[in-house]
1. Only one of (1) modelled with pLDDT under 95; (2) under 21 Å from the mean Cα position of the chain (by Cα); (3) open to solvent by less than 60 Å² (accessible area, probe 1.4 Å); (4) of a type outside the set (Phe, Trp, Tyr) fails for Leu162. Which number is that?
2. Would you point out which residue out of Ala29, Ala66 is closer than 19 Å to Ala115 by Cβ, without any contact (Cβ under 8 Å) to a residue 12 or more places away in the chain and in a helix (DSSP H, G or I)?
3. Do you know which residues across region 117-126 are assigned to a helix (DSSP H, G or I) and either open to solvent by 60 Å² or more (accessible area, probe 1.4 Å) or over 15 Å from Ala13 (Cβ atoms) (or both)?
4. For region 159-195, which positions are outside any helix (DSSP H, G or I) and farther than 21 Å from Phe211 by Cα?
5. Enumerate the pairs (first residue in region 210-225 and farther than 17 Å from Asp86 by Cα; second residue anywhere and modelled with pLDDT of 95 or more and of a type in the set (S, T, N, Q)) with beta-carbon separation below 9 Å, excluding pairs fewer than 6 apart on the same chain, so at least 6 apart or on different chains.
6. Looking at Leu156, is it over 24 Å from Phe261 (Cβ atoms), part of a helix (DSSP H, G or I) and at pLDDT 90 or above?
7. Filtering region 30-57 down to residues that are more than 17 Å from Gln184 (Cβ to Cβ) and of a type in the set (D, E, K, R), which residue is least open to solvent (accessible area, probe 1.4 Å)?
Amino acid sequence: MTANEYKIMIDKALEGYFTNDKMPQAGLADAMRYSLLAGGKRIRPMLVLEFCRISGGDIEKALPVACGIEMLHTYSLIHDDLPCMDNDDLRRGRPTNHVVYGECTAMLAGDALQAEAFNTILGCDLPADRRAACAGALAEAVGIEGMCGGQYLDMLGEGKELTEQELTEINSRKTGALLVAACQMGVAAAGGSRIQMDAAGQFGAAIGMAFQIRDDMLDVLSTEEELGKPIGSDAAEKKNTYMALMGKEGCENTVEKLTEFAKNILSEAFTDTQFLCELADSMAKRFN
């Protein structure tokens with residue numbers, strides 16, 4: 001499949017969730033769908049499906065797993081944008097969830113999406129051990145050792161000068177952990193080997209770091225129209241970034257090295273790697 005074909009498949013599946021407009025809490029479902037269906041590149045669910053495919057699995061059966069990680073990712077974006085966090089009013093070119101629905105409903109929409117992510121994965125048509133492995137990988141990526149822990153460390157680091165090692169410690173959790181999980185959940189959904197699982201994890205970690213560095217670059221170099229959200233917010237909030245530490249050239253060189261490492265590691269465990277190599281390249285050069 002092409003990236004566009006995967007995206008169409010994922011978007012169509014996501015359209016089918018939280019559609020009961022007769023229930024008394026339908027307004028909450030509206031808020032969940034507002035952010036879940038707001039577009040985006042669908043990189044994480046795409047990684048789930050492609051790693052499942054190249055590990056010998058059935059992507060149709062893994063589709064709920066892919067939808068689950070996108071629900072989880074959407075929850076994180078809703079909460080990131082809240083006034084108590086980044087206080088952003090634009091996401092993917094549209095008003096953020098709390099601007100449209102209010103802060104309390106936005107908080108609940110994120111909470112519900114996190115729970116429904118696991119509900120979706122655990123209720124899918126995969127063998128029980130594979131469902132459990134996928135849910136476990138996602139929980140680990142999101143909890144205190146993963147994304148939430150990274151967000152906390154990021155908050156503590158605001159206004160302080162951090163070393164590159166300290167910044168990497170934050171971003172490997174805050175951004176990288178969910179990308180690692182996406183890759184490994186695809187292997188788990190297929191019942192892949194330990195070698196495949198390890199290679200998928202290393203690929204995810206490398207593109208996750210490259211993704212964050214590119215994100216820091218875009219906050220300085222892009223425009224609000226291209227990025228679909230405010231630019232310059234990192235500097236305004238005195239956040240530590242790779243651009244501040246390494247400069248534009250240093251960031252470009254590091255992204256290139258990480259991307260090459262990610263592509264090379266795939267060949268140790270998989271034979272059909274063209275799609276993932278092209279995806280890694282496109283992520284390294286993205287403008288939004």
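The values are calculated or read from the model by the stated rules, or taken from the named source; none is laboratory data. Keep in mind it's a predicted model, so treat the numbers as computed, not measured. Cβ sites come from the backbone with ideal geometry, for glycine too, and all protein chains shown count toward neighbours. These accessible areas exclude ligands, DNA and RNA; they are computed on the full protein's heavy atoms, side chains included. Shrake-Rupley method; radii C 1.70, N 1.55, O 1.52, S 1.80 Å.
1. (2)
2. The conditions single out Ala29.
3. Phe118, Asn119, Leu122
4. Gly159, Lys160, Glu161, Gly191, Gly192, Ser193
5. Going by the 9 Å Cβ cut-off, the qualifying pairs are Ala210/Thr254; Ala210/Thr259; Ile213/Thr254.
6. yes
7. So the residue we want is Arg42.
Per-residue answers, yes or no, for (1) among the hydrophobic types (A, V, I, L, M, F, W, C); (2) more than 23 Å from Met107 (Cα to Cα); (3) touching a residue at least 40 places away in the same chain (Cβ under 8 Å):
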site: Arg42; (1), (2), (3): no, no, no
site: Cys52; (1), (2), (3): yes, yes, yes
site: Asp58; (1), (2), (3): no, yes, yes
site: Leu77; (1), (2), (3): yes, no, yes
